[in-house]
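Read the structure below first, then the notes.
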Amino acid sequence: MDGNFDSTYTTVKKLPCYQQLRATNKTIERLQSGEGGLVWHTQWSGKSLTMAYVTRKLQAPEYGFENPTVLIMTDRKDLDRQITTTFQNVGFKNVNQASSVVHLDKLLRNDYGGIITTTLQKFQETDKEATTDTDQTELEERGKC
């Protein structure tokens with residue numbers, strides 16, 4: 001190694017384990033045949049990367065889904081941040097994290113084939129007084145709703 005090596009810029013490649021590859025392929029097959037695509041995961045089993053692989057295939061033209069909008073829901077804000085970061089880290093450029101009920105509503109009304117991450121708490125009737133700065137999940141986690 002010469003003295004010009006800069007360790008701050010390293011490439012990390014994420015490859016699926018066999019169960020992630022199988023789950024991804026089975027999900028795509030089921031969706032192509034008009035069935036639902038549900039994968040049961042346990043703790044530390046690679047859920048985020050499996051979702052990223054499924055999303056990559058859903059958005060690839062050769063699988064015939066015509067660039068769908070992918071919605072990823074979690075039940076906690078920390079998981080929402082984690083999945084958003086994972087998707088960005090594996091190279092997705094069109095990841096939108098819904099910051100409020102109003103923001104989620106706006107994102108869902110666009111048909112652009114993006115990726116939306118959100119929490120279950122944001123699926124409620126839109127408060128006409130709410131702004132895009134109001135984070136419903138954070139308020140509920142603090143017990144203020």
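The values are calculated or read from the model by the stated rules, or taken from the named source; none is laboratory data. These numbers come from a predicted model, not from an experiment. Note that we place each Cβ from the backbone using ideal geometry, even for glycine, and neighbour counts take in every protein chain shown.
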(request) Go over the candidates Phe92, Phe65, Phe87 one by one and state the one that is in a loop (DSSP other than H, G, I, E, B), hydrophobic (A, V, I, L, M, F, W, C) and crowded, with 17+ Cβ neighbours inside 10 Å. (result) Phe92
(request) Take the residues in region 15-35 that are exposed (fewer than 14 other Cβ atoms within 10 Å of the Cβ) and in a loop (DSSP other than H, G, I, E, B), then tell me which one is modelled with the highest pLDDT. (result) Ser33
(request) Determine, yes or no, whether Leu38 is crowded, with 16+ Cβ neighbours inside 10 Å and either under 24 Å from Gln121 (Cα atoms) or in contact with a Leu (Cβ under 8 Å, 6 or more places away or on another chain) (or both). (result) no
(message) Please count how many residues of region 41-62 are surrounded by 19 or more Cβ atoms within 10 Å (Cβ to Cβ) and part of a loop (DSSP other than H, G, I, E, B).
(response) 0
(message) Return the residues of region 68-78 that are part of a helix (DSSP H, G or I) and touching a residue at least 40 places away in the same chain (Cβ under 8 Å); say none if nothing qualifies.
(response) Lys77
(message) Condition first: surrounded by fewer than 16 Cβ atoms within 10 Å (Cβ to Cβ) and over 25 Å from Ala60 (Cβ atoms). Now tell me which residues in region 110-120 satisfy that.
(response) Leu120
